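Rule-based calculations on the coordinates, nothing more; no lab input. Predicted model only: the values in this text are computed from it and were never measured. Cβ placement follows ideal geometry from the backbone for every residue including glycine, while neighbour counts extend to all protein chains displayed.
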Amino acid sequence: MVTALPSTYPPTLSRSRWLRYTVFFYLYVMQGIPAGFSLTALANYLTAEGVKPSVIGSFAAIVGLPWAFQFVWGPLIDRYQGSPMGRRKPWVVGAQFLAFLASLSLLFVHNPVTQITTLAWLFFTHSIFAAVQDASVDAMAITVIAEDERGRVNAFMRAGFLIGTGVGAAVFSQLLRTYGFFNAALSQSLCLLTLTIITFFIREQPDDQLLPSFKSSTTAKPNTAQRATLPEHKFKWLFTELFKGLFSTRSLLLFGAIVVAYVSISLFSRAYSYQLIRVLGWADTSVSVLTGTYGMLVATGAALMGGYIADRISPRRLLVVVLTVVAVYLICFNGLAMYWTQRPVAQTGLVALYFMDPSISVAAMPVLMAICRKGVEGSQFTTYMAFVNLSDILGSYVSGHALDYISAPTIGLLAGGLATVAAVTIFLTVRHYSLRETTGGQPLT
């Protein structure tokens, strides 16, 4: 069987800028759909059905937990990348297919409200494979994306995730209410299978094979040029370099502040959805559809525009501006909580909330990519992303349990305080390393 393709085979990431934009966009759409379905559509559905916020917070934490341990996969992906199908593609496609199979297991849930524990652990299983896919996609991105493209490609990646979550929230909330959980879960599974098939026909490099070869021959090995670029590192070296990268002062300051910023958004997001549905009496579908339509459009626009701006003015400067905006929004909007009963005000606040996360991401991701150590880029960036995901889980969990004791506006004001700390820390860190850069020290980006 012929497994190699001619060098003119068009779907090759390293050869086409627009293919890179397209592929990384839809790969993140694929990640976003289950996230929007489970953490927005289902969470809002369970809220409307009277499930306690602490139970929903625990549900969200279980679903997201595998993403917090995403860093486990980075060293494995960096260590085993010599397939004739490409450095990262076998990991991506394999994880996608297993995520599809895990999605099919949701079809055994008949009533999400009475089977919430089973539902949580089935989504947990899906999240394990989705986290492997995410780690391998991030490793692929660092491998094939040039530094001067990272802002824009990260924007497309984030936009894809946001559109995926928008579809998962808006479309699947309607499917859930109109056709039931079984049909919603089946629709998700079919979406994942379709995108997995598309990924199978994409190559990273011109000489990559389309199919794996199990023969002990030269066709089953990377060619000479590929072998020259593949790192041959032991696990001890990988972990040593990884810890050096993660625990440098610069990394701890920058990434610590970024995690705090993500926690602040997650805290208020979960609390505000509860406030709208259980306190102000909104229908769960109204919240899900608004976040999945106008919220998604605003978030996507912010991601795309932010990516362009990041490449123009530098991601670190944009990050300072964005975190300042987040802090001002959280403090001011929660200070005006008495006006949330006016629907236009509440709607505007909800849509604006979905502007914050993508704006942070398109500025923060290129900054984090730039400080990854050579040789462990995939592992280090995957670890960063694992803690970003953990911050979202932590925010949802803490917010769900805090709502038993304090109000959503109070949680929002506390989140604003965290965002302020993050903004000040980023500003001082960027300023310090910018001064070092001008005096001949190590540059920040």
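I need the calculated FRET efficiency for the pair Asp148 and Gln174, taking r as the beta carbon distance and R₀ as 35 Å, to the nearest 0.05. Efficiency for this residue pair is about 0.25. Amide H to amide H, with H built 1.01 Å from N, Thr12 comes under 5 Å of Arg203, counting only residues 5 or more places away or on other chains. Cβ crowding within 10 Å ranks Leu252, Leu418 as Leu252, Leu418, fewest other Cβ atoms first. Taking the fewest neighbouring Cβ atoms within 10 Å as the starting point, the ordered list for Thr324, Thr178, Thr382, Thr47 is Thr178, Thr324, Thr47, Thr382. A cut-off of 5 Å between modelled amide H atoms, ignoring neighbours fewer than 5 places along the same chain, links Gln209 with Met85, Gly86. First check a/c for region 317-373, with a ≥ b ≥ c the square roots of the eigenvalues of its C-alpha gyration tensor; if it is under 1.5, answer rounded, and if not, answer prolate when a/b is larger than b/c or oblate otherwise. Prolate. Sorting the segments 295-306, 193-204, 35-46 by their mean number of nearby beta carbons within 10 angstrom, highest to lowest, gives 35-46, 295-306, 193-204. From the Cα gyration tensor of region 350-394, with a ≥ b ≥ c the square roots of its eigenvalues, which class applies: rounded if a/c is under 1.5, or else prolate if a/b is larger than b/c, or else oblate? The shape class here is oblate.
Obtain the radius of gyration and the Kirkwood radius of region 331-445 from its C-alpha atoms and give Rg over Rh.
Working: Rg = 18.1 Å, Rh = 16.9 Å.
Here Rg/Rh amounts to 1.07.
Our helix-only sum for the chain, with -39,500 (n - 2.57) per DSSP H run of n ≥ 4 divided by its residues, gives a mean residue ellipticity at 222 nm of -24000 deg cm²/dmol. Net length available on complete extension from Lys236 to His432 is 67.3 nm, with 0.36 nm assigned per residue and the Cα-Cα distance removed.
For region 138-200, the extents of the C-alpha atoms along the principal axes are 46, 24, 14 Å, listed from largest to smallest. The long axis of helix 296-313 is offset from the longest Cα principal axis of the chain by roughly 50 degrees.
Within the shell defined by Cβ-Cβ distances under 10 Å, the residues around Leu403 carry a net charge of +2, with Lys and Arg each +1 and Asp and Glu each -1. Full extension of the chain between Val113 and Ile313 gives 67.2 nm of extra length, using 0.36 nm per residue less the Cα-Cα distance. Residues of region 130-147 falling in the label zone of Ala370, defined by backbone nitrogen less than 18 Å from a point 7 Å along Cα to beta-carbon, are 142-143, 145-147. Taking 7 Å steps out from each Cα toward its Cβ at Leu252 and Thr410 produces label points 3.4 nm apart. Around Leu330, what is the net charge, scoring Lys/Arg as +1 and Asp/Glu as -1 over all other residues with Cβ under 14 Å from its Cβ? Computed value for this residue: 0.
3J(HN,Hα) along region 388-402, derived from phi through the Karplus expression 6.51 cos²θ - 1.76 cosθ + 1.60 where θ = phi - 60°, amounts to 4, 5, 4, 4, 5, 4, 4, x, 5, 5, 5, 4, x, 7, 5 Hz, with x in place of Gly and Pro.
Across the chain, the mean sequence separation of Cα contacts (distance under 8 Å, 6 or more residues apart), normalised by length, yields a relative contact order of 29 percent. Residues considered: Ser248, Ser58, Ser396. Largest GNM mean-square fluctuation over the chain, using C-alpha springs under 10 Å, is found at Ser248. If R0 is taken as 30 Å, the Cβ-Cβ distance between Val51 and Arg343 corresponds to a FRET efficiency of 0.75. Ratio of Rg to Rh for the chain: 0.97 [Cα atoms; Kirkwood radius as inverse mean 1/r over pairs]. Per-residue Karplus couplings for region 242-252, computed as 6.51 cos²θ - 1.76 cosθ + 1.60 with θ equal to phi - 60°, are listed in order as 4, 5, 4, x, 6, 9, 5, 4, 4, 5, 4 Hz, Gly and Pro entered as x.
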